[in-house]
Amino acid sequence: KKTGKPVIFVLCSGSTLALPWEAENLDAILEAWYPGQQGGTAVADVLFGDYNPAGRLPLTFYASSDDLPDFEDYDMSNRTYRYFKGKALFPFGHGLSYTSYEYSDAGTDSFVYSPGDKVKVSFSVKNTGTRDGDEISQVYVSQINPSSERPVKELKGFARTSLKSGESKVVEVELPVDDWAFWDEQLGGWNLEKGRYDISIAAASDDIKYVVSVEIK
């Protein structure tokens, strides 16, 4: 590191780790997980720019264990992206690319829905960089003023879009509103509450591009 040359950390892990020093001092981190027989080839393709990465984190890398409840506390409060209210080191859905993307024209096909309906979310994505690549667009749902504790946000849909440099595409994601129900212990069954919900179009759980509000009646 003291030579001034870029240092890239190739991380082979099966879950999250504490990486505050690495994130602050190293030039890049490549999460390889448990890469298998062709893992070295895949890592080399990314490092040398022969492949433009598009992977996204399926879990949360926290900034500190102090942000989490006690290990023996099984309450979900402040755990996973669904309930975490702090600032993650690398959040759920995060991932870098050798190009950049721009979102626009987000909306839904209606603003009022009933149980059994499907919400059609649409938006435009443009590759504003110099490299061809894939963008992983994510759609999160949050319930406003729930009757009991509910997740801060929940991933309910996503789309992988291949875009050449400078290319734009309209992306559509369909969300069945019945999937927004939660298990109600008092009712002993699934409960889809009426009321307002926010639909967030995002590049990661902490990188929200647009928010559209809808209502369930």
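The values are calculated or read from the model by the stated rules, or taken from the named source; none is laboratory data. All of these numbers come straight from a predicted model, not from anything done at the bench. Here Cβ is always computed from backbone atoms with ideal geometry, including for glycine, and neighbour counts include all displayed protein chains. Surface areas here come from the heavy atoms of the whole protein model, side chains and all, with no ligands, DNA or RNA. Shrake-Rupley method; radii C 1.70, N 1.55, O 1.52, S 1.80 Å.
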- Which pairs do you get when a residue that is surrounded by 15 or more Cβ atoms within 10 Å (Cβ to Cβ), found in the stretch 43-54, comes within reach of a residue that is part of a loop (DSSP other than H, G, I, E, B) and among the β-branched types (V, I, T), reach meaning Cβ atoms under 7 angstrom, with the pair 6+ apart or on two chains? N52/T99
- Message: Checking the structure you have, find out if any residue of the stretch 23-30 is in a loop (DSSP other than H, G, I, E, B), under 18 Å from the mean Cα position of the chain (by Cα) and under 28 Å from F158 (Cα atoms).
- Response: no
- Message: Checking the condition open to solvent by 20 Å² or more (accessible area, probe 1.4 Å), β-branched (V, I, T) and in contact (Cβ under 8 Å) with a residue 60 or more places away in the chain, which residue from V139, V112 passes?
- Response: V112
- Task: Name the one entry in E149, E215 that is open to solvent by less than 80 Å² (accessible area, probe 1.4 Å) and either on the phi < 0 side of the Ramachandran plot or not hydrophobic (A, V, I, L, M, F, W, C) (or both).
- Result: E215
- Of the residues that sit in the stretch 142-159 and are in a strand (DSSP E or B) and within 19 Å of L59 (Cβ to Cβ), which one is nearest to the chain's Cα centre (by Cα)? L155
- the stretch 105-128, residues that are part of a loop (DSSP other than H, G, I, E, B), on the phi < 0 side of the Ramachandran plot and more than 21 Å from the chain's Cα centre (by Cα): D109, S110, F111, S114, P115, D117
